[in-house]
Each structure stands twice: as C-alpha cells, then as structure tokens.
Amino acid sequence: MFEKNLLNLLWILPFLTVLFSIPIKENSPNLKRFHLASAGVVLLSSIYLLIQVFQNTITNPSSQIQLLYETKLNWLNAISAKYFIGIDALSSMMLVLAAIIIFTGILATWRLEKGQKVFLGFFQILAASVYGVFISFDLVLFFVFYEMEALCMYLLIAGYGSGNKDYGAKKLTLTLAIGSSMILAVFLGIYAETGTWNLIELSKIALPESFQYYAFPILFLGFAVSSSLFPFHFWSPAGHSAAPTAVSMFAAGVMMKMGAYGCLRIAIYLMPEGAKIWLPYLLIFIAFNVIIGPFIAMRHKDLKFITAYSSISHLGLIFLGLAAMTPLAFRGAALQMISHGFLTGLFFATIGMIYSRTHTRDITQMGGLMKAIPFIGVGFVIAGFAGLGLPGLSGFVAEATIFIGSFENPSPLCRVITILAILSITATAIYILRCANKMLHGPLVISKELLPKTLPEEKFIIVSYVICLIILGIFPMPFAKLLDSSIYPIYMNLIR
Amino acid sequence: MIFNIPFSDILFYIVAVFMIFAALLAVVSKNILRNAIFLIATFIGTAVLYLMLQAEFMAMAQIMLYVGGVVVFIIFAILLTSRLGEDYLSTPKSQKIGALFLAMTFLAITLNFLIQNSNLLKNVSNATPADSSLSAYGIRLLSYAPDGFLLPFEIISILLFMTLVIAITIAKKDDKEEK
Amino acid sequence: MNNLISHSYLILLLPLLSFIINGLFLCFRHRKMAAILSTSLSFLGAVFATIISVNFFISGAKPILAFNYEFLPFTGTLVATIGCLLDSLSAMMILTVSLISFAVHIYSIGYMESDQASGRFFALLSLFVFSMLGLVIAPNIFQTFIFWELVGVSSYLLIGFWYDRPSAVSASKQAFILTRFADSFFLLGIILLSYITKSFVFSDINALRLENFAGQMISLGIIEIPTSDALIFSTLLIFIGGWGKSAMFPLHIWLPNAMEGPTPVSSIIHSATMVVAGVYLVARLFPLFAISGNVLEIVMIVGAFTMVFAAVIACTQKDIKRILAYSTLSQLGYMMLALGSARVADSSIHILGYSAATFHIFTHAFFKCMLFLIAGALIHQVHSNDLNAMGGLRKKMPWTYAASLIACLAIAGIPPFSGFYSKDEILISAYQAGHPIIFACALFTSFLTAFYMFRLFFLAFHGKMRSIPKHPVHESLLMTLPILLLTIPTLFSGFLFKGIFHNFSPEVPLSLAKNLPSATFIPPLAITFSVLGILLSFLFYASKKSNPAKALDSDNRNAFYKIIYHKFYFDEIYYAFVRQFILGGLASFARFFEEKIFGTLVTFATTLIQKMGVLVRKAHAGSLPFYIAIMIIGLLFWYFASNLPLQGA
Amino acid sequence: MTLLHCLILAFILFSIGIYGVLTNRHLIGMLISIEIMLNAANINFVAFAYFKAQDPTAGTLFSIFSIAITACEMAVALAILIAMYRKHHSLDVNNQEKNHE
C-alpha cells in the first residue's frame, strides 16, 4: 500500500511543490531549496521503487508483463477512460533516469537570476508529466501527460532560452504536435476497434491485421517525432541550441526517450503484425540517423549542434535495436535509452557550464579550457567517451548489445545497416575528439581570470552522472535482467 | 375563386405583406431612427401572426419584450450615439447587388426545399387552446418532471443576471477616461 | 599454488587501485605521493606477476581459468565475462608487462620530476597498465575488445598528456581515431564470429573446424556466402583490429607521431603494451587464423612489407624517438611475418613461426623499452629530440653508453644478446616455410636494422658535442637504474628462455609440417649481415673521415633520399585524405544534404502551411458580411452536391 | 394558412435580414437586420409548434427561451456599441474593420 501511494505521489508531488512554492518570495534561496528537496524526495522514492521492482522480478519471474502497485480509478466515464497507473521494470528504470535528470536539472539552474520561480514551477510540471507518462497504462492518461510535457517545453524554451529561442521553441513544439496528432489519431482508432484504453487488456487482444497495417506506421512515426527519427529530426538542433541548460538536459535525456519508450511499449507491443510489416522499411530512415548523423556533427562548430546531432545518431541506434525485433536488440535499445539519457545529460550539463563561462558555444573560439576548468573538462571528456562507446561506461554495454542483437536478425537490410552502424563508430570518435581537442586542449585562449572555478553544485552534477555511467557500464547485468523481464512479453507478442 | 379563401388566410396574407414591407423598409431606409420604427411595425405584425397561431402568450411577450424592451433600447442607443438622420452611411451599388443576389440565392434554395416537401401542406393543428394557456406555460416552466423546464428556466435567469452585469461593465466609462 | 592463482584478480586490481586512488585523490595536490604509491603498487604487481608466471611454468603450464565474473549475458551461450586465463602466452605477457611497467614507473619518477601534472601522469600510466593486463589475461574475445578499447583510450590520454601542445593533441587524436577505425572492423569481426560460433570464449573459437559449417549459408546483407567463408572473413576483420593497433602499413602513421607523448609513455607503448596487442591477438587466435585459408598469408605479407618499409625510413630520420618508432614498426613487422609464415602449405602448420613471434615479443619488449628509456635520458640532458644536438655523450654518460651498446647489439641481432635468438628463429621460420622472397626481405631488414641502430648510437655518443646543453650533463640515479636493470633481461632472456618458447604450441587443428629443409646456415648468415650493417654505419658516422654534420643534413640530398626522409609523404597523404575526403567530402555532403536539401523541404512545408494560414486568416478578419456570404455559398454547394448523382442512385 | 405559408414568410423575412446585414454599414442597422432574422426564426418555432408538435406547449416555450436569449444578446450588443462609439466616435463597420488591422 505504501508503494502504491508512493507511485501516485510521484506525479502529484511536483504539482504540490509548485502550489506551495507560490507564496515563497522570488529569488529567495528557500525557493530552490524547496524545489530541490521535492525533486530529491521523488528521486529517492523512484530509486526505492526500482529496488522493490527488482526484488519482485528476482523472487517471482514471469513471462507476462508484471504490473506492480497498480491504481485503477474511474476517470472519464463518457469514453470509459480510467486513471490507471502502475510500474514495471522498464518504466521503473525510466523513472529513475527522469528523476535524476530533473534533480540535476534543478541544480543546473541554481544560479538562474531572473524568473526562477516560474522556471522551477514549469520545470516541476514538466517533471510531473514525464513521471506520468512512464507510469500510466491507460492510453488517454498517457496522452494527457505526453501532451502536457510539450507545452511546458515551449514555455521554458521561449521564456528562458538563448539565441534564436522563439524559433527553436516553436519548431520544437510544433513538430512535437505533429507527432502527437498522429498518436492521438491511432489511439482513437484503437479505441474504436476495441473499446478500451487499457494497455494491459489491449496487449491481450489482437488488433485486426488491416488496422495494424495502416495504424502502425502512423503511431510509430508519431512517437519517433519526439525521438527525432530521420524525417522528423529537424526540431532537435534548433530546439536544443535554443533551450536553457536544464531544459536541454531534460529534452535530450528524457523527452527523446519518451518517444522510443512509446514505440516499444505501445506501438510494437500492441501492433506486432504491423511492426513486422513496416519496421524493415523504416530501417532506411534509421540508416540516416545512424550513419549520416555523425558526419553532420563533424561539420558543425556549435557545441549544442554537435551534441544534438550526436543525440540523433545515438537515438538512431535505439531505433536500430527496435527495428531488429530480437529480444537482445530490444534490451540493447532499452539500455541505450537509459545510458544515452545519462550521457547526454552530462553532455548538456557541461556545455551549459562552459557556456556560462565563455559566453560562446563556438568550439573554434575556445581552447585550453582543461587548464582553467579541469573538472568540467574531465566531465565533458567522460561524456564523450561514453558517447563513443568506451568500455567501462554505459554506452559500450548498450551499443554492443544492440549490435549483437540486431545482427541476429537475418534480414538483408538489417544486416547492412548494422554493419554500417558498427563501422560508423569511427565517425563518432572523430567528432567527439575534434570537439574535445578544439575546446579543452591546446593553449588557453581566454584568460584564466575570466573563467570562474567549478562550483560545488556543478561538481555534484558531474559526479552524479559519472557515477551513473560507470555503474551502468561495469555492472550492467542486474539492469539487463530487469529490462529483460519487461521486454520478454513484448517479444512474445511479436512471435505470437 | 378568391372568395372561397377563408378569412384567416386573407388575414394571413395581409399580415404577411405588411410584415415584408415593414421589414424591407426597416432594412433599406436611410435614416437609422426610421429603421427602428419600421422594426416595431415588423414586430407588431409578428405578434398578430402569433395570435393567429394560437400563441397569445407569445404575442404578448413579443409586444412587451421586443417593442417595449428591445426596440426602445435600440432607439436609446441611436439617440445616445448619433445626431438624428445625419449619419447615413452610403453603401456602394455593387455591394448592394451582391447582397441582393446572395439573399435571393438563399431564398431560392430554401424555398426550393420547402416546396418539394409535401408534408408542410398541413392545415390542421393538433394544438388545443389549453396547450397555450398561461397556466400550462407556468406549470411546464416550473415543473421538475422529466418534461419540465425548470433547469433551463434557472439557467436563463442566471444568464439574464450575467447579461445585466456584463452590459453595465462594458458600457461603463473607463476610469482613465473619467480622469 | 592454487591459493596464488585464486588471487590472480590482484593482477588487475593493483594497477586499477593505483589509477583510482591517484586519479581521484592524489592527482592534483600530492604529486610525490602519487608517484610513490603507483610505483610501489607497480612493484607489488611485478613481484606478484613474477611469482605467478614462474609458478605457472614450473607447475606444468596447463591453461587455468583463474576466475570468471559474468559481466553481461547475451543470448544462450553467448555471455560476456571478465575473467583471467592463465596459459603460456598470457603468463609470458603478464610477466613482460608487469616488469616493464615497473621499470618505466621508476624511470618516470625521475623523468617527470619537474612536471606539475605528474600526478595525472601516474594515474594514467596505471590505467594503461591495467588495460594491457586485462587484455592479455582475457579468456574471451569480448573481454579482449573491452580492454583493447581501454588501451586505446589510455594511450590517447597519455600521448596527449601535454595537452597544451597542439602537436601532441593532434597526434593523440590521430592515434585514437586510426586505431578506432581499425577497431570498428574488429568489433564487426567479433559480432560476425560470435554470431557463427555462439561463443566468445577463446577455447571454443580456437576449437572451430571449417568442416562443421559445410553447406551452411549466411547472409551479409547484400550477398549470401557460405558460413565457412564468413568465418574466414571474420578472422580477417579481427586481424584488421590488430592491423591498426600494431600500426601495420598503411595504418602505421600514428605510431611515429605518437612520439609527442612523454618518453616513458613511448617506451611502454612501444615495448610491451599497445602495439604488441595486435601481434598478441593473432597469436591468441592462432588456431582460428591457421584454419582460415589465406589470412595468415595476408598477415605475413603485411608484416614483411611494414618491416622493410619502416626500416628504410628509419635510416634517414634525425629525430631520435622517430628512429626508434620506425624501428618498432619494423620489429612488429618481424613478429607479424613470423606468425604469418607459420602456414606452410594448405594443410600443415609450421609451429616455429608461432613460437618465434611470441619469443620476439618477449625479447623485443626489454631491449626496446631500454632503448626508449635511453633516448629519454638523452633528451632530458640536451632538451632536444634531434640527433643534431647530440654527439659525444659517451664520456658524460658512461653507464647509459654501455647500456645502449648492449641494447643496440641486441636489436641488431648479435649473439649472445636476446635479440639474436628470437630474430634468428624468425628467419629460420621464414626460410623453412618456403618463402624465399620474404626470407630475403627479413635478412635485408636485419642488415638495415643494424645499420640504423648503430647510426643512432654513433651519432649520439661518438664524435664531438654538436650543441652545448644549458645544464651540466649528468646521469640521475632514478633514470639510470631502470636502464641498467633492463640490461639483465636483455642480456640473458635470449638463451635462458629459448627452451620455454620452443614448448609454446597452440592447439592447432591442422597437422604439423614435416620434412622441413635444414637451416643451419642461417645463424652465421644473419650475424654476417648484422655485422656488415654495423661496419657500414661505423664507416659513415664514426670513422675519422666521416662528417656527422653532413650525414645529418637532409636538405642537400637527392630526390630519393628526400622521399624517404619525408616518410614517403604518408602524413601528407593521410591529412589530405581526411581533409578532402572525410571532412570535405562525406561530412560536407552530409551537412549539405541536411541543411540544403532536407532543410529546404522543411522550410517549404512550413512556408506552405504559413501561406495557407495567411489565406485563412484573411477570412477571419471579423467581417460579418463575408461570413454570411460564405455561409450562403456553402449552402449553394450543399444544394448542388445533394442533387448530384454521387451515390449512383 | 398552412405551415408552408408560415415558413415561406419566415424565410422571406430571413432573406431580408441577410440583405440588411450585407448592405448596412451602420452597426445599429446591422443589429436591426439581425433582429429581423431572429424574429423569422421565432416565427418558425411557433409555426412548427402549432402545426406539427406533439407537445405544443414545449414548442412555444422554446421560442420564449429564444426571446429571452435575444434580449440578453441585444443588451450586451448595445453595451458594446456604446463602448465602441465612445472610443472611436463612429459606428461605421468599415472603420471598425480598419481598427482591427
């Protein structure tokens, strides 16, 4: 019962925090402390839930999807939508990822001077929406949370961004809206076909094959919009470059994973026949992400553009894992979701810290930063190494699993793209090293006095991410086993 | 032939012609005050028509509300906002022709539908005088039986109240202007 | 014994501990502490490694799987583990790596004394040793790859140790990217191999027989090939990984440029770690290579070509470290050649090639490490890498002089120094395997080796001082001691360990070659060639008539010399390739596609929507007549549409 | 007098209202035209209630409601007109459109 309430509290607590923070004075240090404490509580409870889920998976393994701590209440009776939340292995891990990124995101805005109250308020609502997405097992509830997040993103980027923020925010939100409309259309279709929104019930019903044939690509691409799959990736560079640090961390770390999560959890799970028909064709889009993405990153000078394209290529790997449709590849994709969440969070956090010191994101105008701010420099390099798949950090585990898993799919196109993806890891190394060398190494361009030392909260952010990357990189086995328990039912639906 | 037509029909035609003329004048007259006066004539014609359709209460309400309320209101507004008859705003002829064409098209289409429908050629009413008695209206309005109209009645009363407030708020002079 | 083996995790743990403690706590403030800690841990590691490997060889040399920690299960039998496999090969490597790392650690205390960042240096050095040890004890190919990558990254960090020097930074980047490029093929090879064999474990992979896969087909995307061919193909891919790591031609250019790092780093990279990883990989997977058709021949040809190529370049260089770098390349070529020459005919294996290669790894490690340490000592005194600045150091640094004479004799292949024994076996192997041309190349290279090594030796120590050092030249104890220590294995490892290496034999599935031609004439022949090289070198650079300054002049030379001096312009070709083809071609095209073609499409779509929006917005200006007109027109449409025979009624 | 007659009358009135809305530039004039149109709709209600309805009382009550709502609408509309007049000193529709842009 305690866990059940805790799960409900996960998304209610941020709202309550916003409510109670209204009377606190603007710019008072208590405001951010209060928000941080609330995010900390959510983080701790999500970790607690993860441990509970883990113990449950160990004690009674099952081939069915195991939904724990579910709450089911009547909600919108007119369309028989229910308030139905629960947690399983995959969602509990995503929850922890989101909670860590939200927590560090609040830390990253610690020195925000203007409008901290509104920023933190919206950031908490953003947090509530992602927690909601990961725990809701009712399509309507899922969609409500999914939409809430895009709106908050717009306000945060347009209000607190840098550079061409209006353009970036609009591009991001409108593109996401295209995806949402596609998702909504298919959700309505599913409801019309079956009369239920319940994900667990739906997974037991086989949707008609003709319906799956039309609906699957729409739903999959709709989710893929927020994960920036090829034809819909254009929001990502503009959006990331405009967003403030915390929002970039969130967008790349959590929001882009929500799309992939939806693809796996809803699109492939509910429409296995459609997946079998369409995913081999979607591999062509994935090829763009995986192979051309790093080459574009090589040609950019703006740190955030580089990271945005690096995210695009890494998300391509997630989709490669999904499209390969083997249990190992699915697990690799899920691992990559989490691993990439951490590494991209670290990337954007360090970029924000560097930007706040140098006031430029052009790598050709920087140099020798390692001398002045070694802590941040090392953080960036570790993120880079995780990105290029260095063993010992999480990226390698995920990428190796994806490659081995997707190679098991004997379809010719899948093989070709897997081979090309493996070979393209060199390109990843090129842009990451080029970026690190231009920025961190060489003689110091800006005088050392202009670069303040690393602040304690910045050190905390970097250290916490690095610990996550290393834990996932050195002890991947429990996480892999945990994810397998969630992924197996999805795979069983595929071969049914 | 013409004498075979019952009196009620003759009366209907007279009222109809009167209403059409009054409405036309209310629309095309160049003086805005005169427009309002002809509107009264139209409303009175409507009231007579209601009487013929056994809706005495409606006729009364029509006279009281429209003639006594709305049109007076309009006239007040005219007097408040303009010098009498001096602010005629001319419309270009092309717009008039276009408007006439549109209005005629609308009429033609709707009449075409009406004439095709033979169900409408019904002379007999199934309404009894008791149906349109004041007490029947009262009972229905205040009944909370399934066919009662208590809820709409209450809603309308709230709406009227809101309208009152809104109208006052909007028409009130701004604080800035007062200064 | 068993007790010791069960503690074999210490092999990995000691350097890892040193890395973690140094990296986290001692790196910035306590430089001295860092040096002492990592050196003492390295000493412990060396002692432990010696005990383990000695025990191992005494107790009969049977392979032992000391521990095996499950890292990540994939499907079924495909499980990635981190373990420790002790067999002859890995025991030998553990010993070499630990000893050399200990020597380099001691040396670094002296060498890095004045560097403010030496704490970081010791941390990274420990990481490097950790990764190399992890690589050599790997019981499965997945672990090999893990530590292979760690070796790559720690070498990147060490080569770019002085990160404020642009040349060091670009050299480290080049080293990492080139090896990474090769590693991507390695990873592909591993995935293909594990897909076919369903196992990462070396013992499973080495037990493969091509006949088991008769009739099976595998799709590689575009083409479908027999599984046995795919197995051979994957072997080739794995070899490409070793190709890059061991800097075989044409992926060799990172190795000379990697000299930008501190000299102890060059020393450890070139002698025992990193570059021999490629050779080690081939030796480790030797049974797989043995069954895989012509792959061993490719190994041999690549090795032989690199051997000659690098030796020729080494004869003209002026930078002392670059000479040594090219000599390393050449020696690696020897090892690859030896491994490759093991395949005599289609169905038989000549085991001498394998043992000669491993033997050469062992002996080469000591004398090459020593040579680099000597070079570092020289550079430390004259503050220049250039031979122009040296000369006449014989009297100032007598101990170093003596040690370098021993090392040069060893690498030149003069008995009784260690290099002679291993090189001799390589020559015999090449001859007996029936590759006369390769044999001639090897013999010629042995002549060249003697020539360029003694060129270095004479130019550095003999003649007159060509520059006046800022500080008085002296030998510091901490830097001379490891050099002198290393003379011991250089002197004795040859004839002491020859027997052990003869017993090295991988479990090859093919039959052993018999009736090999007698090769007793080879040792005297090799010695003759080496002595000829030394004499020629003496004539050019140390006799009374010679003029070292003129010999070092690179400007007034003929075109042929210049081409060699500029390393056949491979650096330039490489940079042009990267600039023009990768950055300028592929990446530019990708960005062009993204921004111009795709971006235009997106802009077009948005403009279209915006234009439609403008159109609709005009209709929403709040004009009541317009609304009514539209309403009536709509009615009209509806009227006509309802009268159309759409339903076919 | 049949239902058809009443409906035709109502539609003629309605068209006259349309014509008025389209041609009048004076806002009060437009309002008057709209009143005529609403009146026509009310006639429809009553006529249908008289000739067709199962429950004539309810039918007539509908038109009572519609009258009430019309009254509300008129009150608000006139209040807006007065506020507008105070601001722009004109009730010309064309002027209002210009002010919009």
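The values are calculated or read from the model by the stated rules, or taken from the named source; none is laboratory data. Keep in mind it's a predicted model, so treat the numbers as computed, not measured. Don't worry about glycine lacking a Cβ; one is built from the backbone with ideal geometry, like all the others, and counts go over all protein chains shown.
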Mind checking whether some residue in segment C:301-311 is in a helix (DSSP H, G or I), modelled with pLDDT under 90 and over 28 Å from C:PHE454 (Cβ atoms)?
yes
Of A:TYR214, A:TYR167, the only residue that is over 23 Å from A:MET255 (Cα atoms) and either out of contact with any Ser or Thr (no Cβ under 8 Å at 6 or more places or on another chain) or touching a residue at least 40 places away in the same chain (Cβ under 8 Å) (or both) is A:TYR214
Scanning for something surrounded by fewer than 24 Cβ atoms within 10 Å (Cβ to Cβ) and among the hydrophobic types (A, V, I, L, M, F, W, C), does segment A:301-313 turn up at least one residue?
yes
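Among D:ASN24, D:ASN39, which is closer than 23 Å to B:ILE156 by Cβ and surrounded by 19 or more Cβ atoms within 10 Å (Cβ to Cβ)? I'd like the intermediate steps shown before the answer.
Working: D:ASN24 fails: closer than 23 Å to B:ILE156 by Cβ.
Only one candidate passes the filter, namely D:ASN39.
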Regarding C:THR144, is this residue among the hydroxyl-bearing types (Ser, Thr, Tyr), at pLDDT 90 or above and not in a loop (DSSP other than H, G, I, E, B)?
yes
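Considering only residues of segment D:43-56 that are crowded, with 22+ Cβ neighbours inside 10 Å and in contact with a helix residue (DSSP H, G or I) (Cβ under 6 Å, 6 or more places away or on another chain), which is farthest from the other protein chains (Cβ to nearest Cβ)?
Selected residue: D:PHE45.
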Single match in C:LEU237, C:LEU255, C:LEU288, C:LEU281 (criterion: without any contact (Cβ under 8 Å) to a residue 60 or more places away in the chain and assigned to a helix (DSSP H, G or I)):
C:LEU237
Within the bounds of segment A:37-52, is there any residue that is surrounded by 13 or more Cβ atoms within 10 Å (Cβ to Cβ), part of a helix (DSSP H, G or I) and in contact with a Lys or Arg (Cβ under 9 Å, 6 or more places away or on another chain)?
no
Checking C:ARG394, C:ARG322 in turn, the sole residue that is more than 21 Å from C:PRO489 (Cα to Cα), touching a Pro at 6+ places or on another chain (Cβ under 6 Å) and either outside the structural domain of C:LEU484 (by TED's automatic domain parsing) or surrounded by fewer than 24 Cβ atoms within 10 Å (Cβ to Cβ) (or both) turns out to be C:ARG322
Among the residues in segment A:295-310, are any away from every other protein chain (no Cβ under 14 Å) and either modelled with pLDDT of 90 or more or not in a helix (DSSP H, G or I) (or both)?
yes
Suppose the filter is hydroxyl-bearing (Ser, Thr, Tyr), farther than 18 Å from A:SER248 by Cβ and crowded, with 16+ Cβ neighbours inside 10 Å; does A:SER136 pass it?
yes
Of the residues in segment C:76-96, those that are touching a Lys or Arg at 6+ places or on another chain (Cβ under 8 Å) and more than 30 Å from C:PHE359 (Cα to Cα) number 3
Looking at B:ILE155, B:ILE109, which is the one that is of a type outside the set (Gly, Ala, Ser), farther than 23 Å from D:MET37 by Cα and outside the structural domain of B:MET58 (by TED's automatic domain parsing)?
B:ILE155
Do you know which of the residues in segment C:152-163 that are assigned to a helix (DSSP H, G or I), of a type outside the set (Ser, Thr, Tyr) and in contact with a helix residue (DSSP H, G or I) (Cβ under 6 Å, 6 or more places away or on another chain) is farthest from the other protein chains (Cβ to nearest Cβ)?
C:LEU158
Restricting to segment D:22-73, and then to whatever is over 25 Å from B:ASP131 (Cα atoms) and of a type in the set (Val, Ile, Thr), can you tell me which residue is farthest from the chain's Cα centre (by Cα)?
D:THR23
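Can you tell me which of C:MET612, C:MET631 is assigned to a helix (DSSP H, G or I) and either in contact with a helix residue (DSSP H, G or I) (Cβ under 7 Å, 6 or more places away or on another chain) or facing another protein chain (nearest Cβ under 9 Å) (or both)?
It is C:MET631.
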Quick check, is C:GLN116 within 14 Å of chain A (Cβ to nearest Cβ), over 14 Å from the mean Cα position of the chain (by Cα) and either closer than 22 Å to C:LYS368 by Cα or crowded, with 24+ Cβ neighbours inside 10 Å (or both)?
no
If I filter segment A:240-258 for residues that are in contact with a strand residue (DSSP E or B) (Cβ under 9 Å, 6 or more places away or on another chain) and more than 21 Å from A:GLU147 (Cβ to Cβ), do I get at least one hit?
yes
Among the numbered criteria (1) in contact (Cβ under 8 Å) with a residue 40 or more places away in the chain; (2) over 24 Å from A:ILE338 (Cβ atoms); (3) touching a helix residue (DSSP H, G or I) at 6+ places or on another chain (Cβ under 6 Å), which single criterion is violated by A:LEU90?
(2)
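Could you tell me whether any residue of segment D:68-91 is within 16 Å of C:PRO625 (Cβ to Cβ) and modelled with pLDDT under 85?
yes
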Please tell me if A:ALA127 is closer than 30 Å to A:LYS481 by Cβ, touching a residue at least 24 places away in the same chain (Cβ under 8 Å), buried (at least 17 other Cβ atoms within 10 Å of the Cβ) and not aromatic (Phe, Trp, Tyr).
yes
Do any residues in segment C:164-185 that are facing chain A (nearest Cβ under 7 Å) have Cβ atoms under 6 Å from those of residues that are of a type in the set (Ser, Thr, Tyr) and buried (at least 24 other Cβ atoms within 10 Å of the Cβ), where the two are at least six apart or on different chains, and which pairs are they?
C:PHE176/C:TYR156
Subset of segment A:324-344 (residues that are over 19 Å from A:PRO391 (Cα atoms) and out of contact with any Cys (no Cβ under 7 Å at 6 or more places or on another chain))
A:MET325, A:THR326, A:PRO327, A:PHE330
Single match in C:GLY392, C:GLY419, C:GLY376 (criterion: outside any helix (DSSP H, G or I) and of a type in the set (Gly, Ala, Ser)):
C:GLY392
Scan of segment C:200-234 for residues that are surrounded by 15 or more Cβ atoms within 10 Å (Cβ to Cβ), farther than 24 Å from C:ALA138 by Cβ and away from chain A (no Cβ under 11 Å), ordered by number
C:LEU210, C:PHE213, C:PRO226, C:THR227, C:SER228, C:ASP229
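Just one of A:VAL416, A:VAL397, A:VAL466 is within 21 Å of the chain's Cα centre (by Cα) and either within 10 Å of chain C (Cβ to nearest Cβ) or hydroxyl-bearing (Ser, Thr, Tyr) (or both); which is it?
After applying the criteria, what remains is A:VAL397.
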C:GLY215 meets each of (1) over 25 Å from C:PRO15 (Cα atoms); (2) assigned to a helix (DSSP H, G or I) with one exception, condition (2)
